[in-house]
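Have a look at the structure below before the remarks.
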Amino acid sequence: MFLRSFLRRLARVGRTFLYLALLLAALLSLRAGDLIREDVPSQVRQFTRPWEFDYVSWTLDALWAKERQAVLDLPRYLTPAQQRQAVLDYLDLVRQLDRVEADIADFYANPAVKNPQVLTAPLVARRERLLAQWQRQRLLAEAVLEHQISTVIADLGLSVGGQPIPPLLYHVTPLPMALIVSPRTVIRQEADISLQPDLPLETITHLEQVVERGLNVSALVVPVGGIGIYPTMVMRSDNLPWLVETVAHEWIHNYLTLHPLGLLYEASPEMRTINETTASLAGKEIARAVLARYYPEFLPSETENEAHPPSSDGGAAKAFDFRAEMHTTRVTVDALLAAGKVDEAEAYMEARRRFFWEHGYPIRRLNQAYFAFYGAYADTPLGPQGQDPVGEAVRTLRARSPDLATFLRRIAWVTSYQALQHLLAQTGS
């Protein structure tokens, strides 16, 4: 009994040291761009410092929560059916909480409502009860999903002794927003500054305007769904396929941080695209395997987002294709910027923003910074990456790899786009 207790304590100490080492690696990776291009981020921070997010405090708090979760080892006391039900109950609770918060927001947004504080008092009380319940249930739901996703990762050959390295840890939390900065003359991300969650829109627009005026750049504050620090940060959601995919996507970033590809994330725009496209492809593949094994009723169809069904007259049904239209927009913008027509490109992007809005896509701003951020996620042929060949090279390597584990072990050691091209030449057709 004494020996077992001693070994358990020793394992906890080892796990704590592992957490701290991975935290250091994640923080170094997160700020690698600052070390490479300190000039632009430091100039931007002249405007953003009062609103920047404190990663160190958040990570220490999250690690403490995860340590308590690990000590309890809650999934071990539940049957697979009970584990599944714990996740479904949690998702239902999130759904109720989101609905109440939306109802409260509607009261405050309605100009006909004169006393929203009085009218929403019962809703606010219900929200507080749901939040307290959510706080109690989320650690169990996180622990179960971590266990389920880790099991699938091991089955896919991405573990050591059945344990993913690093261990899969995520924490649901309000996420920082990202202030993205690009030159006006070319689409290239030169700064990514994390801001506090839930900043008022007036603060967001003020920051964008002062950065653009002060530095003659394109700036945009964007929401993010997850961040690959350690433990990873994930937005609260009742959408199980999205949640599992995001958790897997961010774990891939943790995995890559222990390899050259992840450590060189900010070395060039091409390396960022390789990282994000790899994480997107792998995250989707892992998520499908998790859903198929534990939640098959949530598994989306393989062809869900493919060609439109034929119309009654025998032709293809006409529908708005957001990715194709965004691809066209990016290609046109790149051509205008290459010709030195910056003002024309910006006027065109504003016209296209209104076009997307009319088709049900409420994009707040469409500018160079928008494409600099979203263009790195090139897991599909069409989209905001335009004709950038980097994403296509990553997709080709996955197609030439016999399984996901082989693909990740190959690409994890890539140190440049040229190295990726060389690897493709070695793998053949």
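What follows draws every value from the coordinates through simple rules; no lab data is involved. In this text the structure is predicted, and so the values were computed from the model without any measurement. Cβ coordinates were reconstructed from backbone atoms using ideal geometry, including for glycine residues, and neighbour counts include every protein chain displayed.
Here are some notes:
- All aspartates and glutamates inside 17 Å of residue 114 as judged from Cα atoms, apart from same-chain residues fewer than 8 positions distant: 103, 106
- Between residue 54 and residue 106, the simple label model (points 7 Å from Cα in the Cβ direction) yields a spacing of 3.7 nm.
- Compactness of region 34-134 as Cα Rg over 2.2 N^0.38 Å, two decimals: 1.65
- Subtracting the Cα-Cα distance of residue 209 and residue 119 from their residue separation scaled by 0.36 nm leaves 28.8 nm.
- Cβ-Cβ distance of residue 423 and residue 224, R₀ of 35 Å, FRET efficiency by 1/(1 + (r/R0)^6): the value works out to about 0.75.
- Distance-filtered residues of region 237-273 - backbone nitrogen under 13 Å, label point 7 angstrom along residue 165 Cα→Cβ: 255-256, 258-259
- Residues whose amide H comes within less than 5 Å of that of residue 221, counting only those at least five positions distant or on another chain, are 180 (H built at 1.01 Å from N in the peptide plane).
- Translational diffusion of the chain, µm² s⁻¹ [Kirkwood Rh, Cα pairs; Stokes-Einstein; 37 °C; 0.692 mPa s]: 139 µm²/s
- Cα-based reach from residue 284 at 13 Å (exclusive), listing aspartates and glutamates while leaving out same-chain residues under 8 positions away: 245, 250, 276, 302, 379
- Whole-Hz couplings from phi, Karplus 6.51/-1.76/1.60, listed for region 224-235; x for Gly and Pro: 10, x, x, 9, x, 7, 9, x, 6, 9, 9, 5
- Full extension of the segment from residue 342 to residue 363, taken as 0.36 nm per residue of separation minus the current Cα-Cα distance, would add 5.5 nm.
- Just checking the listed ones, 244, 222, 100: in the Gaussian network model of the chain with Cα springs under 10 Å, the one fluctuating most is 100.
- On the beta carbon distance between residue 392 and residue 237, with R0 = 35 Å, the FRET formula returns roughly 0.70.
- Once the trypsin sites (Lys or Arg not before Pro) in DSSP loops with at most 12 neighbouring Cβ atoms within 10 Å are cut out of the chain, the longest remaining piece is 115-317.
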